[in-house]
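See below for the structure under consideration.
The values are calculated or read from the model by the stated rules, or taken from the named source; none is laboratory data. As the structure is a prediction and not an experimental result, all values here were calculated from the model. In this analysis, Cβ positions are derived from the backbone assuming ideal geometry, glycine residues included, and neighbour counts consider all displayed protein chains. Surface accessibility is based on the protein's heavy atoms, side chains included, excluding ligands, DNA and RNA. Shrake-Rupley method; radii C 1.70, N 1.55, O 1.52, S 1.80 Å.
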Amino acid sequence: MTQQAPVWLDRQQPNALNCFRLIFATAVLFDHNWTLGGFGHNPLSDLFSPIGGLGAAAVDGFFSISGFLIMGSWLSRRNAESFLRARVVRIWPAFAVAFIISALIAALGSGHQWLQYIRSIPGPSWLVGIFTLNQTELNRALSFAHNPYPTVVNGSMWTIQIEFICYLVVALVGSIGGFRRRWLVIIFTSFSICLAASEDRILPAAWMHWPRFASFFGAGALFYLFHMRIPKNGWLALGCVASLLTGRYFSHFFTMPIAGTYIILYAAYTAPDWIKRIGAKNDISYGLYLYAFPVQQFIFSQIGGSEWFNNPWFSFAIAFMCCLGFGWLSWLFVEKPSKAFMKASINRHCWHPNA
């Protein structure tokens, strides 16, 4: 009896998704470098302008990968309690630490007014910001007041709240058996794509990002729901690339969530082994993403007015190296211990005297 070949899109198969997340986090840092430094458009802005810029495309990629992995996480558990425990442990501790350190970085960037900045944040704002994943509680008039992009301390963190809400939706829908009716996910994703394509004409500004992220997260989730049936085909990947190129002539939202997700997954699962090993054991992408914005703000608060140092390529290189360090520290001292603690608590919970 022949053994069946493993499914290529299985989460357990070696892949480069962690490497891609690191690349996406770096792309966001690169895109923000020009905005936060007041340098205008970055060199890749024209290439990615139809889809909101390089940073927006990178965040979309984050949500595609997240939808794929999170759906796999749910299907491997099918239990809301264990699923949410894993998600909280993965997201919240690193966010909480980064929230506090972001405030300290902003205080240092305020110079001699550092104490006034700390005092300007009321006690409840710390709790609200950390427990609701809301980074705007750190924004004060004193925070990086003289920077080209003033008052905003950590402008990248806002997507984390939306990400966690996606986790809650997965837990809710999964708990009521919604994923056994996969056509519902198809309808939800299709509706999100259509809404995202016309969001600027239908939705108020405060809600414009929701259908966009829902479409990419839903596309990733769909790929895992149907991963047993999706072919691994290079010609199909090229067709997806072609659809992205033509999509710019009407709306990229009609093509990018599905085609873009397939391209990411195909590239991640067919990448050389050395690329798959990047981030496989030490995933620093989340930490890099969390700290990039305040580190960049601090750098620009210190080098403003310097003709030689105030160079976009130099500031990007310095910020990238610093954020790699923050990412490593976050992984080693916050994220990795949190995951180990979760696994240990699950083992204790599942222990039986007769086992």
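Here are the numbers:
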| quantity | calculated |
| --- | --- |
| Size of charge dipole - the chain - debye, nearest 20, with Cβ of Lys, Arg +1 and Asp, Glu -1, no other charges | 1240 debye |
| The chain, accessible surface, carbon-and-sulfur percent (1.4 angstrom probe) | 66 percent |
| Dipole axis of the chain (+1 Lys, Arg; -1 Asp, Glu on Cβ), positive-most option in GLY174, PRO14, PHE314 | GLY174 |
| Pairwise centroid distance, computed over Cα atoms, of the range 211-279 with the range 81-150, Å | 34 Å |
| Local electrostatic count, PHE223, Cβ distance below 15 Å [Lys/Arg +1, Asp/Glu -1] | +2 |
| On Cα atoms only, tilt of 312-330 relative to the major axis of the chain in degrees | 60 degrees |
| Eligible lysines near LYS336 by straight Cα distance, threshold 17 Å, same-chain separation 8 or greater | LYS281 |
| Of the trypsin sites (Lys or Arg not before Pro) in the range 151-193, those whose Cβ has at most 16 other Cβ within 10 Å and which sit in DSSP loop | ARG181 |
| Taking the chain and dividing mean pair separation by its residue count, relative contact order in percent (alpha carbons under 8 Å, at least six apart) | 29 percent |
| Positive-pole candidate from ILE23, ALA107, TRP92, dipole of the range 1-144, charges at beta carbon | TRP92 |
| Crossing angle, helix 54-77 versus the chain [Cα axis fit, 0-90 degrees, rounded to tens] | 40 degrees |
| Counted charge near GLY40, where neighbours are those whose Cβ lies closer than 15 Å (Asp, Glu -1; Lys, Arg +1) | -2 |
